[in-house]
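Engineer: Provided herewith is a single structure, encoded as C-alpha cells, for subsequent inquiry.
Coordinate-derived values only; no laboratory data. From a predicted model like this one, the values you see are computed outputs, not experimental measurements. Neighbour counts are summed over all protein chains in view; Cβ atoms, including those assigned to glycine, are modelled from backbone coordinates with ideal geometry.
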C-alpha cells in the first residue's frame, strides 16, 4: 500500500510503498477513504514530542470501509463504515476508563503516534474503540469529527457552559470552526479571537456573535465590556493567548486550555483565587463523546468545512499549517 511515512523528526514525510497491515485478534482492517490533517501531526512530524515509534505513519482522524476482521470481532463486518480516533485503545478497567476519563488511562495507545495511523491506503484499528461512521455523512465530512470536533466538544462539555453564557474561543482553526458551531448548539453567545482577518470573517459566517482581532485591539477589554466570558476556550498555540483569555474572564469564569504552545506560561494566583477562576485542561474526548458529536453532525447541527488534498500533497499542507493559512480542516481523500 502507499503511505506517507515519517522516518526522521523534522524531515518531510516520504510517500512510499509499505507492507499492508493485517488485523490481529480484536482488530479490524480499514480501507482508508479519508483522513484529517491535525495540528498535532505537525507537532509530531517536527519532533516536538518524543516519538515511541519510527518509522511512523501519522493520522488519527481516520475513516473508511472495513475490509478485514480479526478473530473475536463481532461488532464490525466487512463492508461496514468505521472510523479510528486518537485513542486506539485503553485498558478498559482502571479508575479512569471506568469513570468517563479514558483519555487519562496509563495504558492508553494512541493512533498515529504509538501505532500507525491513517496517512495510508489501509490502517488497522481496535474493534472495541473504532466508532461507526453514520450513513448521513460523507467520509470527508466525517473524518475531522473524530478529533477536530471531538476535542472542543469535550472541552465545552467539562467547562459547564450553559444556555445564555458567553463563550470566548481563542483560535479559529480546525478545532475552532467546530467550537463556534457547538457553542451555538448549546445556546451560548460566541466570541471569537484570532489575528487573521479572514478567519474572523469565517467565524462570523459560522455564527459568531462577535469577532475580535488580537493583533489590533485589546481583546480582553473588549470582552469584559460585554460582561466578560463565562468560559474561555483556548485553542491557540500561543502563551499570550492564555494570558489574554484569563483577563477576559468574568468572576467565577472558567479557562479551558486545549492549545499546545511551546514552553511555559504563568497566571496570577491572587487574581485567580480572588475572582474564583477555574482553570481546566482538556485533550481529546471519550468514545461516548464521539458518538454524541457524530449524532450532532448527522442531524445537521454542526458541519465540516474542509478542503481535500492528495496524500502526495501532505508536506505542502504542513507548510500552510505552519503559516496559519488554513481555515477549517484539510482532509486527505483517497479515491
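Engineer: Over the Cα atoms of the stretch 1-85, each weighted equally, I'd like the Debye log10 I(q)/I(0) at q = 0.16, 0.17 Å⁻¹, rounded to two decimals.
Structural biologist: Taken in order of the listed q values, log10 I(q)/I(0) reads -0.71, -0.78.
Engineer: If you count, for each residue, the other Cβ atoms within 10 Å and average over each peptide, how do 130-139, 250-259 line up from highest to lowest?
Structural biologist: Peptide ranking by packing, descending: 250-259, 130-139.
Engineer: Continuing with this model, one more query. Let's test the formula: R0 of 30 Å, r as the Cβ-Cβ distance of residue 74 and residue 260. What FRET efficiency results, to the nearest 0.05?
Structural biologist: Once rounded, the FRET efficiency stands at 0.20.
Engineer: Report the residue, chosen from 97, 147, 309, that carries the largest GNM mean-square fluctuation when the chain is represented by alpha-carbon nodes joined by springs under 10 Å.
Structural biologist: Checking each option, the largest mean-square fluctuation is seen for 97.
Engineer: So, one more: Quick one: length gained pulling residue 308 to residue 95 fully straight, 0.36 nm per residue minus the C-alpha distance?
Structural biologist: Value of the extension gain: 72.7 nm.
Engineer: Okay, next question. With n ≥ 4 as the cut-off for DSSP H runs, can you work out [θ] at 222 nm for the chain, using -39500 (n - 2.57) per run divided by the number of residues, rounded to the nearest 500?
Structural biologist: Estimated from H runs of four or more residues: -7000 deg cm²/dmol.
Engineer: Within a 10 angstrom radius of the beta carbon, how do 86, 49 rank from fewest other beta carbons to most?
Structural biologist: 49, 86
Engineer: To continue, here is another question. Taking the chain as the reference, fit the longest principal axis to its C-alpha atoms, fit the long axis of helix 287-298 to the helix C-alpha atoms, and give the angle between the two in degrees, 0 to 90, nearest 10.
Structural biologist: Once rounded, the angle reads 80 degrees.
Engineer: Okay, moving on. Take the alpha carbon atoms of the stretch 113-152, find their radius of gyration, then divide it by 2.2 N^0.38 Å using N residues; give the quotient.
Structural biologist: 1.26
Engineer: Here's a follow-up. Where the centroid of each part is defined by its Cα atoms, how far is the stretch 278-299 from the stretch 83-110 in Å?
Structural biologist: The stretch 278-299 and the stretch 83-110 have Cα centres separated by 14 Å.
Engineer: Next question. Of all DSSP beta bridges in the stretch 150-281, what percent run antiparallel (nearest 5)?
Structural biologist: Bridges in the stretch 150-281 that DSSP calls antiparallel: roughly 0 percent.
Engineer: Here is a further query. What whole-number volume per residue, in cubic angstrom, does the convex hull of the C-alpha atoms of the stretch 228-309 give?
Structural biologist: Per residue, the Cα convex hull of the stretch 228-309 comes to 148 Å³.
Engineer: In addition: Taking the 0 to 90 degree range and rounding to the nearest ten, how far is the long axis of helix 150-159 tilted relative to the main principal axis of the chain, both from C-alpha atoms?
Structural biologist: 40
Engineer: Here's another thing I want to ask about it. Could you work out how much longer the chain between residue 162 and residue 136 gets when fully extended? Use 0.36 nm per residue separation minus the Cα distance between them, nm to one decimal.
Structural biologist: 6.6 nm
Engineer: Let me ask another. With label points built 7 Å along Cα→Cβ from the Cα atoms of residue 198 and residue 215, find their separation and express it in nm.
Structural biologist: Placing both labels 7 Å beyond Cα along the Cβ direction yields 1.2 nm.
Engineer: Let me ask something else about it. What is the distance in Å between the Cα centres of the stretch 120-144 and the stretch 164-233?
Structural biologist: If you average the Cα positions of each part, the centres end up 30 Å apart.
Engineer: Further question on the same structure: Under a plain spin-label model, where a point goes 7 Å from the Cα along Cα-to-Cβ, how far apart in nm are residue 54 and residue 315?
Structural biologist: My value for the distance between the label points is 1.7 nm.
Engineer: Only bridges whose two residues both fall in the chain count here: according to DSSP, what percent of them are antiparallel, nearest 5?
Structural biologist: 55
Engineer: Which three extents, in whole angstrom, do the alpha-carbon atoms of the stretch 150-281 cover along their principal axes, largest first?
Structural biologist: Largest to smallest, the principal-axis extents are 39, 30, 29 Å.
Engineer: Could I ask something else about it? Could you check which residue among 233, 172, 206 shows the biggest mean-square fluctuation in a GNM of the chain with a 10 Å Cα cutoff?
Structural biologist: Looking only at 233, 172, 206, the biggest GNM fluctuation is shown by 206.
Engineer: Also, quick follow-up: So how tilted is helix 174-186 from the main axis of the chain? Cα-based, degrees 0 to 90, rounded to 10.
Structural biologist: 60
Engineer: For the stretch 69-184, what percent of Cα pairs sit more than 18 Å apart?
Structural biologist: Roughly 61 percent, rounded to a whole number.
Engineer: Between residue 267 and residue 283, what length in nm is gained on full extension when 0.36 nm per residue of separation is reduced by their alpha carbon distance?
Structural biologist: Working it through step by step, the gained length comes to 3.7 nm.
Engineer: Additional query: Compute the orientation-averaged projected area for the chain from the convex hull of its Cα atoms and round it to one decimal in nm².
Structural biologist: Over all viewing directions, the chain projects a mean Cα-hull area of 16.3 nm².
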